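Below you'll find the structure, written out as structure tokens, and then a few comments.
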Amino acid sequence: MEYRIKKSISSQIKESYATGTQDNSKNIEIDCSEGINLVSFSNIAIDAFNSIDYTIMQDYPRSTSLQKSIIEFWDKYANIKLNYNNITLYDGSIGALFLTNKLFIENDDKVLGLAPQFPEYGMDVIMCGGIFTTYKLNPENNYKFIADEFINLITDDLKLIYIDNPNNPTGQIIELEDIKKIVKFAHTKNIVVLIDEAYGDYMNPKNSAINLIPNSENLIVSKTFSKAYGLAGLRGGYSIQNENLTNIMSNVNTPYEMGSITRFISSKVILDYDFLLKMQKYNAQIKKALIQNYKNLSISETGETTSIMLITHKNKSIDLEKEFAKLKIGVISCSSFESLQKNSVRFRLPSPVYLQRLINAFSIIDNIE
């Protein structure tokens, strides 16, 4: 039988580090691959798991406890006044990205993003029938994001703009003032801006684009509990946006997003800001030791408190993922990221207990010509 699938889907081969497997995973002793938190769990999360009333699984998820906690968090740590109509829940923040594409993109609609950045998003744009164009981060400038250069690419024919902040894979943090300029300029052209803050809990909440929501009707900000909070297995995420956008999103969102247990645990752990500060401190400690002047390795522009960074070897024939695997360290090859090749990897920071071993590994790989 010939399946009459959408051409925009049948013509694509999905390539993603998120769904890939690592051949050497059995020999890996230090996992620095997926962007999850393997360093620690919040004690509040552990207590919440231990106190679950399992009867909550009998009914469909209707609790609004998480929305209440989201409002409390942003009021306390960023002085932003949100309400329930600003919040949409998802099974992971990737749901927010896909739903936004589903809501806006029709055949041949153009979307502007970055390169490199989270590849799943651009692929979904294409699967929806859209055209994904990118602002290329310049390796000669250490992959640093330049807001004015990006704004120069914003044209009237764009439907959406997508920016991950902090950027994946570099881990660099884009300043809120730069995001504000982009959102404001996009508004003059009737373009919605989607800010993906999957790694956003590794930066100060006052730098979050959520701070712009009260004055930005063209802004959607997505968040997740999979990264800093260490709850990837629960698949919990949310987005914050103007109330009018929330109402429109409810027309295409599936009912009962996010299960009852995820809502319960997330509603508790989101308020553990001390835990986030501890994770940021760990990251800063490791990055300070690893970011050095190497002869063959280079580390991109990156935030000192974020959990990821981009490492590149000068020799383009080097498969950097395999070189790390030889030292029993798992990383993510950047071959699936636009504008990057196999000589680059995304490196996610592990526990500080592995620091000396990582320093030794970087030295060994740096001496490969």
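The values are calculated or read from the model by the stated rules, or taken from the named source; none is laboratory data. Not measured: the values here are computed from a predicted model. Counting neighbours? That spans all protein chains shown, and the Cβs are built from the backbone with ideal geometry, glycine included. Areas reflect the complete protein model, heavy atoms only, side chains present, ligands, DNA and RNA absent. Shrake-Rupley method; radii C 1.70, N 1.55, O 1.52, S 1.80 Å.
Structure above, values below:
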| read-out | value |
| --- | --- |
| Residue list for region 277-286, restricted to those being open to solvent by less than 10 Å² (accessible area, probe 1.4 Å) and more than 20 Å from the chain's Cα centre (by Cα) | Ile286 |
| Pair list, Cβ < 7 Å and 6+ apart or interchain, from region 74-85 residues that are open to solvent by less than 50 Å² (accessible area, probe 1.4 Å) to residues that are outside any helix (DSSP H, G or I) and polar (S, T, N, Q) | Ala78/Ser208 |
| Criterion (under 19 Å from the mean Cα position of the chain (by Cα), part of a helix (DSSP H, G or I) and not β-branched (Val, Ile, Thr)) met by exactly one of Glu149, Glu120, Glu140 | Glu120 |
| Thr254 being of a type in the set (Val, Ile, Thr) and in a helix (DSSP H, G or I) | no |
| Given (1) more than 24 Å from Met203 (Cβ to Cβ); (2) open to solvent by 60 Å² or more (accessible area, probe 1.4 Å); (3) not β-branched (Val, Ile, Thr), index of the condition Lys268 fails | (1) |
| Residue in region 287-300 that is assigned to a helix (DSSP H, G or I) and surrounded by 16 or more Cβ atoms within 10 Å (Cβ to Cβ) present | yes |
| Checking Lys281 against (1) in a strand (DSSP E or B); (2) out of contact with any Asp or Glu (no Cβ under 6 Å at 6 or more places or on another chain), the condition it does not meet | (1) |
| So Thr246, is it touching a Phe, Trp or Tyr at 6+ places or on another chain (Cβ under 7 Å) and closer than 25 Å to Leu176 by Cα | no |
| Test for Ile311: is it of a type in the set (A, V, I, L, M), without any contact (Cβ under 8 Å) to a residue 60 or more places away in the chain and closer than 21 Å to Pro119 by Cα | yes |
| Counted residues, region 72-94 - those being of a type in the set (A, V, I, L, M, F, W, C) and assigned to a helix (DSSP H, G or I) | 4 |
| Top-ranked residue of region 303-357 - restricted to ones that are assigned to a strand (DSSP E or B) and open to solvent by 10 Å² or more (accessible area, probe 1.4 Å), ranked as farthest from Gln285 (Cα to Cα) | Ser333 |
| Criterion (in contact with a Leu (Cβ under 9 Å, 6 or more places away or on another chain), part of a loop (DSSP other than H, G, I, E, B) and without any contact (Cβ under 8 Å) to a residue 60 or more places away in the chain) met by exactly one of Thr133, Thr155 | Thr155 |
| Residues being open to solvent by 10 Å² or more (accessible area, probe 1.4 Å) and either assigned to a loop (DSSP other than H, G, I, E, B) or within 30 Å of Ala45 (Cα to Cα) (or both) - total across region 175-195 | 4 |
| Close pairs from region 344-369: first among the basic types (Lys, Arg), partner part of a strand (DSSP E or B) and surrounded by 14 or more Cβ atoms within 10 Å (Cβ to Cβ), Cβ under 7 Å, at least 6 apart | Arg346/Ile308; Arg346/Leu310; Arg346/Ile332; Arg348/Ile308; Arg357/Ile30 |
